[in-house]
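Worksheet: the structure to be examined is printed underneath.
The values are calculated or read from the model by the stated rules, or taken from the named source; none is laboratory data. Note that the structure is predicted; figures quoted are calculated from it, not measured. Note: ideal-geometry Cβ built from the backbone for every residue, glycine included; neighbour counts use all protein chains shown. Each accessible area value is taken on the protein alone, full model and side chains, heavy atoms only, with ligands, DNA and RNA left out. Shrake-Rupley method; radii C 1.70, N 1.55, O 1.52, S 1.80 Å.
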Amino acid sequence: MPFRATVLTLYPEMFPGHLGVSLAGKALERGQWSIEAVQIRDFAEDKHRTVDDTPAGGGAGMVLKPDVLARAIDHVSANEDRPRLLMSPRGRPLTQARVRELAAGLGIVIVCGRFEGVDQRVIDTRNLEEVSIGDYILSGGEPAALVVLDAIVRILPGVMGNELSGLHESFEGGLLEHPHYTRPQLFEGQEIPAVLTSGNHGAVAKWREAEARRLTAERRPDLLEHNQDLKRDPAQPVKK
């Protein structure tokens, strides 16, 4: 059964966006995954199709109404086990491990917030998993939803031309990815590292791991701090 994504949004015209082109777009055409963008406003019951109201307790901005959003969620995913994600800056950071878990399922429902946020009661009663793609604020959840779907779709079976491509990337092994090079051999006075053209596959593998560790230590030392196995130099024996 193909992976099925449903996005609840006030701007359904933003989908599938860039996911309608390149490998993801071709996979969409082949039916390897599907996407449905559902207008939240369609579930408002007043004549003005109101979807938001002022925050309880006062303050700036507006909040998405729980009754409207709950009806939308129930309509698209009643009696289903698909995870329900809410794109939110206060959510848990998205990781490659979580992406793989989601990609292994039948699909997801993504709620795109707007305004100041979503009424907490609908988050609680509809078991919305709050997910963040970074420590910054967007105008709405739609760009974040596209990021999540991009990360998932590209690793669905048969989407990438070379299935091994997804196994040697940043975060897959807990490290950032090593540098890449290709022809010409000499570019603006800089040569491809000799080890990469040596034909010694063992030496190439060691160089790539060493470079991945170096870059991770320089740019994302937090990744090493959270994984004691990665902090250990593989050239050193394990103490028992």
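The range 9-74: which trypsin sites (Lys or Arg not before Pro) are DSSP loop and have at most 16 other beta-carbon atoms within 10 angstrom?
Lys47, Arg49
Placing Phe187, Phe115, Phe3 in order of accessible area, with the largest value first and a 1.4 Å probe, yields Phe187, Phe115, Phe3. The charge dipole of the range 3-155, taken about its Cα centre with unit charges on the Cβ atoms of Lys, Arg (+1), Asp and Glu (-1) only, comes to about 400 debye.
Note: relative contact order over the chain, using C-alpha pairs below 8 Å and six or more positions apart, is 18 percent. Evaluate E = 1/(1 + (r/R0)^6) for Gln120 and Ser34, where r is the Cβ-Cβ distance and R0 equals 25 Å; express this FRET efficiency to the nearest 0.05. In this case the efficiency is close to 0.20.
For Gln190 and Ala217, the difference between the fully extended length at 0.36 nm per residue and the C-alpha to C-alpha distance is 7.3 nm. Kindly identify the range 37-90 as rounded, prolate or oblate by the Cα gyration tensor criterion: order the square roots of the eigenvalues as a ≥ b ≥ c, call it rounded if a/c is under 1.5, otherwise compare a/b with b/c, prolate if a/b is larger, else oblate. Oblate, since a/c reaches 1.5 and b/c is not below a/b.
For the chain, lysine pairs with C-alpha atoms less than 18 angstrom apart, excluding pairs fewer than eight positions apart on the same chain, total 4.
Heavy-atom surface analysis with a 1.4 Å probe gives the chain a carbon and sulfur content of 52 percent of its accessible area. Under a Gaussian network description of the chain, with springs only between Cα atoms under 10 Å, the residue in Ala24, Ala203, Ala37 that fluctuates furthest is Ala203. For the range 1-49 versus the range 92-111, the inter-centroid distance based on Cα atoms is 16 Å. Farthest toward the positive end of the dipole of the range 65-179, out of Leu69, Gly105, Ile137, is the Cα of Leu69, where the dipole comes from beta carbon charges about the Cα centre.
For the range 64-115, the gyration tensor built on C-alpha atoms gives an oblate shape. Its axis ratio a/c (a ≥ b ≥ c) is at least 1.5, and a/b is not larger than b/c. Given R₀ = 41 Å, FRET efficiency for Thr182-Arg90 by Cβ-Cβ distance, to 0.05? So, using R0 = 41 Å, E works out to roughly 0.50. Among Glu80, Glu177, Glu130, the largest mean-square fluctuation in a Gaussian network model of the chain (Cα springs under 10 Å) belongs to Glu80. Using a cut-off of under 19 Å, list every residue of the range 70-98 whose amide N is near the label point 7 Å from the Cα of Glu45 along the Cα-to-beta-carbon line. Flagged as within label range: 70-78.
Across the range 168-231, the relative contact order, built from alpha-carbon pairs under 8 Å that are at least six residues apart, equals 40 percent.
The DSSP beta bridges internal to the chain are antiparallel in roughly 15% of cases.
Across Leu215, Leu23, Leu86, mean-square fluctuation computed from a Gaussian network of the chain (C-alpha pairs under 10 Å connected) peaks at Leu215.
The GluC sites (Glu not before Pro) of the range 8-79 meeting both criteria, a DSSP state outside H, G, I, E and B (loop) and at most 14 other C-beta atoms within 10 angstrom of the site's C-beta, are Glu45. For the chain, the mean residue ellipticity at 222 nm estimated from helices alone is -9000 deg cm²/dmol, where every DSSP H run of n ≥ 4 contributes -39500 (n - 2.57) and the total is divided by all residues, rounded to the nearest 500.
For P(r) over Cα pairs in 5 Å bins from 0, in percent, the value calculated from this model appears in (1) 1, 7, 15, 20, 22, 19, 11, 4, 1, 0; (2) 1, 7, 14, 18, 18, 14, 11, 8, 5, 3, 1, 0, 0; (3) 1, 6, 11, 14, 15, 13, 11, 10, 8, 5, 3, 3, 1, 0, 0 under label (3).
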